[in-house]
Amino acid sequence: MLKKYIHSATFSLPELDVNPEEDMLLFDKPYSCTSFDIVGKVRRQVQKKAGRRVKVGHAGTLDPLATGLLIVCIGKMTKQTDSIQAQAKEYTGTFMMGSTTPSFDMEHPIDCEYPYEHITREMAEEAARSFIGSIQQVPPLFSAVKFSGKRAYELAREGEEAKLVAKDITIYDFQLPRFELPEIDFRIQCSKGTYIRAIARDFGEALQSGAHLTALRRTRIGNYRVEDAIKPILL
């Protein structure tokens, strides 16, 4: 659940020109709306035009507090969601150094603070380079990963701690275009299954500090780019 001061975005979609039999749309998801909010509005519009039920789904969830590229598949194209999700992704955003939250982003309030003044740009860039390649990553506790038949976030909200297993991921590139402590901007290219929130956690630890996400944007999935996406209309 989002913090009380973060309100769900209210938005509308322009009239969509789609083939209900088989089609794919790119959207630039707004801040604080869910991926399912977009899918729901697409489904209602497509089914109204088609006059029947139409299968609609997305190819890779974005957290409510993230923005950027969301691919929505329609009709027969929904069979391609797995292959689309398997493609490399690119994200940009901001790490806030010196503090952590239980979810590693702004969904929850800061729970711990750490020194960060010792961090230099050289240290940060060396830490970023250490992530490049095939690595193991423990998913965030506030995630949709299943543990003992439940989603990890369900256990977390019940006050239980799941011991999640590390998974193999690949970081293809990790750049730091802006270094202005306590903020560090990043650009990451990574494989399917990578949690950028977990990168924030591990990046903070690698610099003997803490970190959480204050901004996250997905800019690319394979050859699909957010520059080519439909922008929902915020109300």
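Evaluate the following for residue 202: is it among the acidic types (Asp, Glu), within 25 Å of residue 86 (Cα to Cα) and touching an Asp or Glu at 6+ places or on another chain (Cβ under 9 Å)? Lay out the reasoning, then the answer.
Working: among the acidic types (Asp, Glu): yes; within 25 Å of residue 86 (Cα to Cα): yes; touching an Asp or Glu at 6+ places or on another chain (Cβ under 9 Å): no.
Against the criterion (among the acidic types (Asp, Glu), within 25 Å of residue 86 (Cα to Cα) and touching an Asp or Glu at 6+ places or on another chain (Cβ under 9 Å)), residue 202 does not qualify.
Each row is one residue, and each column tells you yes or no for (1) touching a Leu at 6+ places or on another chain (Cβ under 9 Å); (2) modelled with pLDDT of 95 or more; (3) in a helix (DSSP H, G or I).
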| site | (1), (2), (3) |
| --- | --- |
| 171 | no, yes, no |
| 175 | no, yes, no |
| 184 | yes, yes, no |
| 187 | yes, yes, no |
| 204 | no, yes, yes |
| 213 | yes, yes, no |
For segment 193-205, check the following and say yes or no: at least one residue is small (Gly, Ala, Ser), in contact (Cβ under 8 Å) with a residue 40 or more places away in the chain and in the same structural domain as residue 37 (by TED's automatic domain parsing). no
Return the total of residues in segment 217-235 being surrounded by 17 or more Cβ atoms within 10 Å (Cβ to Cβ) and assigned to a loop (DSSP other than H, G, I, E, B). 2
Right, residue 49: surrounded by fewer than 19 Cβ atoms within 10 Å (Cβ to Cβ) and of a type outside the set (Asp, Glu) or not? yes
From (1) out of contact with any Gly (no Cβ under 8 Å at 6 or more places or on another chain); (2) among the aliphatic types (A, V, I, L, M); (3) in the same structural domain as residue 116 (by TED's automatic domain parsing), pick out the condition that doesn't hold for residue 230. (3)
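Given the condition of a type in the set (Val, Ile, Thr), on the phi < 0 side of the Ramachandran plot, surrounded by 22 or more Cβ atoms within 10 Å (Cβ to Cβ) and in contact with a Lys or Arg (Cβ under 7 Å, 6 or more places away or on another chain), answer yes or no: does some residue in segment 21-40 qualify?
Within segment 21-40, the subset of a type in the set (Val, Ile, Thr) is 34, 38-39.
Applying the additional criterion that residues be on the phi < 0 side of the Ramachandran plot yields 34, 38-39.
Now narrow it down to the ones that are surrounded by 22 or more Cβ atoms within 10 Å (Cβ to Cβ): 38.
Still in the list and also in contact with a Lys or Arg (Cβ under 7 Å, 6 or more places away or on another chain): 38.
Yes, segment 21-40 contains at least one residue that is of a type in the set (Val, Ile, Thr), on the phi < 0 side of the Ramachandran plot, surrounded by 22 or more Cβ atoms within 10 Å (Cβ to Cβ) and in contact with a Lys or Arg (Cβ under 7 Å, 6 or more places away or on another chain).
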Of the residues that sit in segment 102-140 and are of a type in the set (Val, Ile, Thr) and more than 20 Å from residue 167 (Cα to Cα), which one is surrounded by the most Cβ atoms within 10 Å (Cβ to Cβ)? 119
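The values are calculated or read from the model by the stated rules, or taken from the named source; none is laboratory data. Quantities reported herein were computed from a predicted structural model and do not represent experimental measurements. Cβ coordinates were reconstructed from backbone atoms using ideal geometry, including for glycine residues, and neighbour counts include every protein chain displayed.
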